[in-house]
1. Kindly indicate whether Val86 is at pLDDT 95 or above and not in a helix (DSSP H, G or I).
2. Give me the residue from the range 224-265 that is surrounded by 24 or more Cβ atoms within 10 Å (Cβ to Cβ) and polar (S, T, N, Q) and, out of that set, farthest from Tyr143 (Cα to Cα).
3. How do the helices (runs of 4 or more DSSP H) wholly within the range 257-338 filter down when requiring 1 or more residues that are on the phi < 0 side of the Ramachandran plot and at pLDDT 90 or above: which remain?
4. Return yes when Glu67 is surrounded by 21 or more Cβ atoms within 10 Å (Cβ to Cβ), in contact with a Pro (Cβ under 9 Å, 6 or more places away or on another chain) and not polar (S, T, N, Q) and no when it is not.
5. May I ask you to list the residues in the range 203-225 that are touching a Leu at 6+ places or on another chain (Cβ under 9 Å) and under 13 Å from Arg68 (Cβ atoms)?
6. For the range 137-170, enumerate the residues that are modelled with pLDDT under 85 and hydroxyl-bearing (Ser, Thr, Tyr).
7. If you go through the range 190-206, how many residues are of a type in the set (Val, Ile, Thr) and within 20 Å of Ile333 (Cβ to Cβ)?
8. Any idea which of Ala103, Ala83 is of a type in the set (A, V, I, L, M, F, W, C), farther than 17 Å from Gly59 by Cβ, crowded, with 16+ Cβ neighbours inside 10 Å and touching a helix residue (DSSP H, G or I) at 6+ places or on another chain (Cβ under 6 Å)?
Amino acid sequence: MYDLRTAAPWKYFFRRWKGVFIGGIIIFLVIIFSYIKNSAVTEAVLASAVRQSTPLILGALCGLLGERAAVINIGIEGQMLLAAFVGFLFNVWTGNLFLAVLAGVGMGALLGLLLAFMSVTLKIDQIIGGTVINIIAIGLTGYFYKVGMTTKGKLQPIPLGPLAKIPIIGTVLFNNPPITYAAIVLVFLVHYILFHTRWGLRTRAVGEHPRAADTLGINVYFMRYMNVIAGGAIAGLGGVFLTLEAVGSFERVMTNGRGFVALAVMIFGKWTPLGSWGAALLFGLTSAIQTQLQFGGKVNIPHQFIGMLPYLLTIVVLAGLGGRARPPAADGIPYEKE
């Protein structure tokens, strides 16, 4: 049988990591063509791209872990929103940023447990289960939020010694707050776990052929539960990023569709952590560019049209450059043990 991995390894490698390649090429071009003109603007745009990609890649990792175990998670938006609110409240009440982050992550994990219970145990439609979480999050945060509540500080950048002094790259990658660093580490950690550990092999087996996995002694229900809960915790970290690192405050529906964009990022990344990271960086870069265009004062275009750029790019990329995306074979299908 023809195997692309051995017959054309470079083609196979490019197809698998196309998202990373495209994101890297775009960032490289921005560096080359903009640094000569204005290095300060380039550093600001690229640093903003990394920050704006952070909640997207965390949301994408959440969806990826669930779908690799065959549980579709439409509730990423709600998980991020409610986690952001809980983290915000804990910071208001305690003034302890570490406890606030843990509270937000815990809320994300709790919502992951709820989704797993609905999808795996009750076997209700997974799309409906995720939608329920979104509705709950919007309702609870809208009802309990009070105008005038303020946090007691937010997470600040931590320069990584001499690395932070490297031109452009130092500012972009090595002078960030903790959750941004954590997101980058999680990309490689999840990649390693999924493709180089027994847990990852079992997760992918459960997502592709759960009955065969069950026959080999793998607990399908346990694997799905744990992956969805772990994904929820990561989505919670993405929500906490918004209130305790990016903004320092909470607003109603402040996730602003990031959970759904994270799903698009995951699909474009072919259900792989590195591919999803490349897609998230691409979206973050367009978001940073549109912000620069809006506030730079050099483009006389209504801001509503400029604000559409990241979302239009997402549609174009998914429709034209994404290629064929094949989800796990059992994705979204409840498992009935015989």
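The values are calculated or read from the model by the stated rules, or taken from the named source; none is laboratory data. Worth saying up front: this structure is predicted, and the values here are computed from it rather than measured. Glycine also receives a Cβ, built like all others from the backbone with ideal geometry; neighbour counts cover every protein chain displayed.
1. Working: at pLDDT 95 or above: yes; not in a helix (DSSP H, G or I): no.
No, not satisfied.
2. Ranking the qualifying residues of the range 224-265, first place goes to Asn227.
3. Values: elements: 258-268, 273-296, 303-307, 309-316.
By residue number, 258-268, 273-296.
4. Details: surrounded by 21 or more Cβ atoms within 10 Å (Cβ to Cβ): yes; in contact with a Pro (Cβ under 9 Å, 6 or more places away or on another chain): yes; not polar (S, T, N, Q): yes.
Criteria met by Glu67.
5. Taking the range 203-225 first, the residues touching a Leu at 6+ places or on another chain (Cβ under 9 Å) are 203-205, 225.
Those that are touching a Leu at 6+ places or on another chain (Cβ under 9 Å) and under 13 Å from Arg68 (Cβ atoms): Thr203, Arg204, Ala205.
6. Within the range 137-170, Thr150, Thr151 qualify.
7. Taking the range 190-206 first, the residues of a type in the set (Val, Ile, Thr) are 190, 193, 197, 203, 206.
Now narrow it down to the ones that are within 20 Å of Ile333 (Cβ to Cβ): 203, 206.
Of the residues in that region, 2 qualify.
8. Working: Ala83 fails: farther than 17 Å from Gly59 by Cβ.
Sole residue among the options that is of a type in the set (A, V, I, L, M, F, W, C), farther than 17 Å from Gly59 by Cβ, crowded, with 16+ Cβ neighbours inside 10 Å and touching a helix residue (DSSP H, G or I) at 6+ places or on another chain (Cβ under 6 Å): Ala103.
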